[in-house]
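I have placed the structure first, in the form of structure tokens, so that the comments after it can refer back to it.
The values are calculated or read from the model by the stated rules, or taken from the named source; none is laboratory data. Computed from a predicted model, the values in this text were never measured in an experiment. Here Cβ is always computed from backbone atoms with ideal geometry, including for glycine, and neighbour counts include all displayed protein chains. Areas reflect the complete protein model, heavy atoms only, side chains present, ligands, DNA and RNA absent. Shrake-Rupley method; radii C 1.70, N 1.55, O 1.52, S 1.80 Å.
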Amino acid sequence: MARAFGLFLALLTTWLLMSGIYKPLIIGFGVLSCAFSVWIAHWLGILDREGAPLGMLPRAIPYWFWLSVEIIKSNIDVFKRVWGLAPIDPAWKRVPTSQTTDLGRVIYAQSITLTPGTVSVDFEGGMIVAHALHSSALDGMDEGEMDRRCTALEGRV
């Protein structure tokens, strides 16, 4: 029940912040649609630790700040490569993951994709197949900083 209520509050808060319309009828529709979404999640049986990872929120905020900085740095790098200031050297790589849950691996794969110039293509066993505009972006994944932070976000250090 706590997960259902937490998901409802998260959905409603997000909806209210994004809609920007605070008329009673519209808010009522928002409450109904959020309640219906929670009911569907309950009916599908996905209101578990991975389906509603509310305990991850305190660790997610610093992670998003770190990822935002990485996205900005990658944007600058892609800009240089697109404008011919640095070479483009496309590369593929299988990146190992240390996450133990599907949610953790998906967060890691999405973090790779959100970073400009790189994209996650597939999961193969405990590996993510990634593509990049240049091989040095994939070499940076060998350091494991993003993997380590995603694992910490998952709840395991």
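Largest first and to the nearest Å, give the Cα extent of the chain along each principal axis.
Its Cα atoms span 55, 34, 24 Å along the three principal axes.
Ignoring ligands, DNA and RNA, what percent of the accessible area of the range 9-157 is carbon or sulfur (1.4 Å)? Walk me through the intermediate numbers first.
Numbers: 6320 of 9300 Å².
The computed percentage sits at 68.
Given contacts defined as C-alpha pairs under 8 Å and at least six residues apart, what's the relative contact order of the range 27-136, whole-number percent? Don't skip to the answer; put the middle values down first.
Values: 93 pairs, mean separation 27.1, N = 110.
Relative contact order here is 25 percent.
Taking the Cα centre as origin and putting +1 on Lys and Arg beta-carbons and -1 on Asp and Glu beta-carbons, what dipole magnitude results for the range 104-157, to the nearest 20 debye? Write down the numbers at each step before the final one.
On the way: 4 positive and 8 negative charges, 45 e Å.
So the dipole magnitude of the range 104-157 works out to roughly 220 debye.
Mind giving me the FRET efficiency for LEU57 and MET18? R0 is 22 Å, r the Cβ-Cβ distance, nearest 0.05 is fine.
Numbers: r = 18 Å, r/R0 = 0.81.
After rounding to 0.05, the efficiency reads 0.80.
Taking every pair of distinct Cα atoms and averaging 1/r, then inverting, what Kirkwood hydrodynamic radius in Å comes out for the range 82-134?
Working: mean 1/r = 0.0853 Å⁻¹.
Taking the inverse mean of 1/r over all distinct Cα pairs, the range 82-134 comes out at 11.7 Å.
If the viscosity is 1.002 mPa s and the temperature 20 °C, what translational diffusion coefficient in µm²/s does Stokes-Einstein give for the range 35-112 when Rh comes from Kirkwood over Cα pairs?
In µm²/s, the coefficient rounds to 135.
Relative to the Cα centre, what is the charge dipole magnitude of the chain, using +1 at the beta carbon of each Lys and Arg, -1 at the beta carbon of each Asp and Glu, and rounding to the nearest 20 debye?
Numbers: 13 positive and 14 negative charges, 97 e Å.
Its charge dipole is roughly 460 debye.
Keeping every protein chain present and rolling a 1.4 Å probe, give me the accessible area per residue for the range 31-157 in Å².
Values: 7620 Å² over 127 residues.
I get 60 Å² per residue for the range 31-157.
Whole-Hz Karplus ³J(HN,Hα) for the range 149-155, in order, using 6.51 cos²θ - 1.76 cosθ + 1.60 and θ = phi - 60°, x for Gly and Pro?
5, 5, 5, 5, 4, 5, x
Can you tell me how the range 1-62 classifies by the Cα gyration tensor, rounded, prolate or oblate, using a/c under 1.5 as the rounded cut? Could the numbers behind the result be given before it?
Working: a/c = 3.15, a/b = 1.35, b/c = 2.33.
Oblate, because a/c is 1.5 or more while a/b does not exceed b/c.
Per-residue ellipticity at 222 nm for the chain, helices alone: DSSP H runs ≥ 4 residues times -39500 (n - 2.57), over residue total, nearest 500 deg cm²/dmol? Don't skip to the answer; put the middle values down first.
Numbers: 6 runs with 96 residues, N = 157.
Helices in the chain give a 222 nm mean residue ellipticity of -20500 deg cm²/dmol.
Say we join alpha carbon atoms closer than 10 Å with springs in a Gaussian network model of the chain; which of THR115, THR13, THR100 then has the biggest fluctuation?
The residue with the greatest mean-square fluctuation here is THR13.
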